[in-house]
Every structure is written in C-alpha cells, then in structure tokens.
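Below is one structure, written out as structure tokens; the observations come after it.
Rule-based calculations on the coordinates, nothing more; no lab input. As the structure is a computational prediction, the values presented were derived from the model and not from experiment. A quick note on method: Cβ atoms are made from the backbone with ideal geometry, for glycine too, and the neighbour counts reach across all protein chains shown.
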Amino acid sequence: MKYFVRALKYFVALCVLCTGLMALMIATGTSALSLDDTLYAALHTTRFVKMFGAILLLAAFYPRFGFVVRQVEGDMEEHREQILNAMRSAGFSLLREEEGKMIFRADTFALKALLLFEDEIEVTQYGQWIRLDGIRRGVARAAYRLDAYLTMVKRNE
C-alpha cells in the first residue's frame, strides 16, 4: 500500500509540474500553440498519450529509485550527537525515539512539500553500521554529513 501511495503522489506531482509548465508557457507567450490548440493536441494526438505513458511509467518506478538505505560505519549510542548534528544540518529534527531506532522529520514545510511529505528518515543500528532509511534526497544529504562528522571524530581520537 505504501508503494502505491508513493507512486500516486509522484504521479500527481509530475502532472502538476507538466500542467504548470504548459500554463506558464502559454501565459508568457513562449508556447507555439494557443490554449485551444494545446488542449486539442493533448486530447487528439499520440504525443499526449506518449507523455502520459512516460509519466505513468516514471511514477510507477519512483518508489524503487526514490527511496534508499545508506550505511555509515559507527555506533548509534556512541555517536548520537554526530547523528543529531548531521540530521539537523540536513534539515531534519528528531521526531521520536524507539527501541534502537531514531525517527527524523523535515523541519520546514517547504522541505516537507519538496519531499512530497515523505520526509521521514529512520536511523537504526545494523551491526557495525548506522543505517539511514528514507527518501533519497534526504538520506543522501544526511549520510554524507554523518560520514564527514564521524570521520572528524575518528581523526581526533
């Protein structure tokens, strides 16, 4: 169910983006077609069907490539402060803490909206690794910062 909801959100976001771009082009006069011609082309040509199919295909696979798990070598208890700092600098704050798990959410509404309200990042311990699981844009940024913070700690030991 989560997969379907994520794909649907991305589909809606892509449709809004395409519609917004077409409206902007028509409003600024940079479109070669008028509004009537654009609507006719959208409803009566194969170009629209191909574009719609591409959007559907992209949205269908988005949950597979839009969400990742990254691992950084370290210990959650020992490096708690570095985890909190890395997540804070990536724009996330601690929402709650459960047994062996830290859940972070985006700080600002703008970041939440940019991440399609899929802004939850889960941090767990996996053997010798700190594991970050969530949306690619947030996890990649946080993992990069966390790795840098942990490298500095190891150099100072």
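Rounded to the nearest 10 degrees, the inclination of helix 46-65 to the longest alpha-carbon principal axis of the chain is 10 degrees. Highest average first, the peptides 126-132, 35-41 ordered by how many other beta carbon atoms sit within 10 Å of their residues are 126-132, 35-41.
Local charge sum around ALA59 (other residues, Cβ-Cβ under 10 Å, Lys/Arg +1, Asp/Glu -1)? With Lys, Arg at +1 and Asp, Glu at -1, the neighbours total +2. Taking every DSSP helix (H) stretch of at least 4 residues in the chain, weighting each as -39,500 (n - 2.57) and dividing the sum by the residue count yields a mean residue ellipticity at 222 nm of -20000 deg cm²/dmol.
With K and R counted +1 and D and E -1, the other residues having a Cβ less than 13 Å from that of GLN71 yield a net charge of -3. Once the Cα atoms are used to define both axes, helix 136-156 deviates from the longest principal axis of the chain by about 30 degrees.
Modelled this way, with points 7 Å down the Cα-to-C-beta line, the labels at ASP107 and VAL12 are 2.8 nm from one another.
Among 26-32, 57-63, 75-81, what's the highest-first ranking by average C-beta atoms within 10 angstrom per residue?
Details: 26-32: 10.0, 57-63: 15.7, 75-81: 13.4.
Result, highest mean first: 57-63, 75-81, 26-32.
Computed from Cα atoms, the angle from the helix 2-28 axis to the main principal axis of the chain rounds to 50 degrees. Using θ = phi - 60° in the Karplus curve 6.51 cos²θ - 1.76 cosθ + 1.60, the 3J(HN,Hα) couplings for the stretch 95-102 round to 8, 7, 10, 10, 4, x, 9, 10 Hz; x is entered for Gly and Pro.
Please work out whether the stretch 5-63 counts as rounded, prolate or oblate from its C-alpha gyration tensor, where a ≥ b ≥ c are the square roots of the eigenvalues and a/c under 1.5 means rounded, while otherwise a/b larger than b/c means prolate and anything else oblate?
In terms of gyration-tensor shape, oblate.
Charge tally around ARG105: other residues with Cβ under 11 Å, Lys/Arg +1 each, Asp/Glu -1 each, net -3.
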